[in-house]
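Here is the structure we will look at.
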Amino acid sequence: MEAKFSPKVKEVIGYSREEALRLNHDFIGIEHLMLGLIRDGEGMAIKALRTLNVDPIKLRNRLETSIKDKTAKGVFNPTSVPLTKQAERILKITVLEAKLMKSDVISTEHLLLSILKNKDNIVSNILLEYYVDYTAFKAEVETMLSNISDYEISLPKMETPNEPSDEEFDEERSRGYNQPPTGKKPGSTKSKT
């Protein structure tokens with residue numbers, strides 16, 4: 001099974017870069033990946049955090065306060081903002097998280113699970129203040145996914161109308177249905193000559 005980043009995760013990575021630039025940082029770290037998730041404001045990761053009573057706005061403020069002293073020293077090239085080794089490792093781990101959850105696509109929940117798996121980072125430490133760790137977050141995601149699956153299973157199956165067979169189609173044509181227009185009005189059988 002080859003996992004690939006969902007469009008949502010690609011957006012989050014782009015937002016992470018923008019967040020790093022906004023904060024005048026010359027790197028993209030784990031904290032920027034989290035800020036990207038918060039900025040996006042959607043996806044399973046943020047929904048699960050809300051369910052776990054984490055206010056994304058308060059989390060963002062707390063995170064920004066704790067990293068404010070990491071501004072770039074001197075001049076840096078804003079077109080080239082590299083990922084830190086730790087952030088690169090997190091992105092690699094997302095593939096494993098997706099596989100563990102039997103998903104072909106890497107989604108926001110896999111990204112946050114990867115961040116939480118490593119307890120030695122600022123995001124994990126701040127989320128612990130909200131009593132959110134890898135185990136609690138994963139349990140919430142699994143609950144949400146099972147509810148989605150239960151919902152999809154309980155939906156009535158929509159029946160699609162059957163295409164008419166060739167015989168039914170020929171029968172309809174012989175009765176005058178679906179006849180191509182002849183250019184004559186119905187009831188005008190007289191010729192003008």
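Whether a residue is at pLDDT 90 or above, in a helix (DSSP H, G or I) and open to solvent by 50 Å² or more (accessible area, probe 1.4 Å) was assessed, and E11 passes this test.
Going residue by residue through segment 29-39, is there one that turns out to be open to solvent by 50 Å² or more (accessible area, probe 1.4 Å) and either of a type in the set (S, T, N, Q) or touching a residue at least 60 places away in the same chain (Cβ under 8 Å) (or both)? Looking for residues that are open to solvent by 50 Å² or more (accessible area, probe 1.4 Å) and either of a type in the set (S, T, N, Q) or touching a residue at least 60 places away in the same chain (Cβ under 8 Å) (or both), one finds none in segment 29-39, hence no. A single member of N53, N24, N77 is out of contact with any Leu (no Cβ under 6 Å at 6 or more places or on another chain), assigned to a loop (DSSP other than H, G, I, E, B) and at pLDDT 90 or above, and it is N53.
So that you can scan it fast, the table gives a plain yes or no per residue for (1) at pLDDT below 90; (2) over 17 Å from M44 (Cβ atoms); (3) of a type in the set (V, I, T):
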residue	(1), (2), (3)
I106	no, no, yes
S114	no, no, no
N121	no, yes, no
V132	no, no, yes
V141	no, no, yes
M144	no, no, no
L155	yes, yes, no
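Scanning segment 94-137 for residues that are open to solvent by 40 Å² or more (accessible area, probe 1.4 Å), over 20 Å from P7 (Cβ atoms) and in a helix (DSSP H, G or I) returns L96, L100, K117, I122, N125, L128, E129, Y134, T135.
The values are calculated or read from the model by the stated rules, or taken from the named source; none is laboratory data. Because the structure is predicted, anything quoted here is derived from the model rather than measured. So basically every Cβ, Gly included, is an ideal-geometry build from the backbone, and we count neighbours across all protein chains shown. These accessible areas exclude ligands, DNA and RNA; they are computed on the full protein's heavy atoms, side chains included. Shrake-Rupley method; radii C 1.70, N 1.55, O 1.52, S 1.80 Å.
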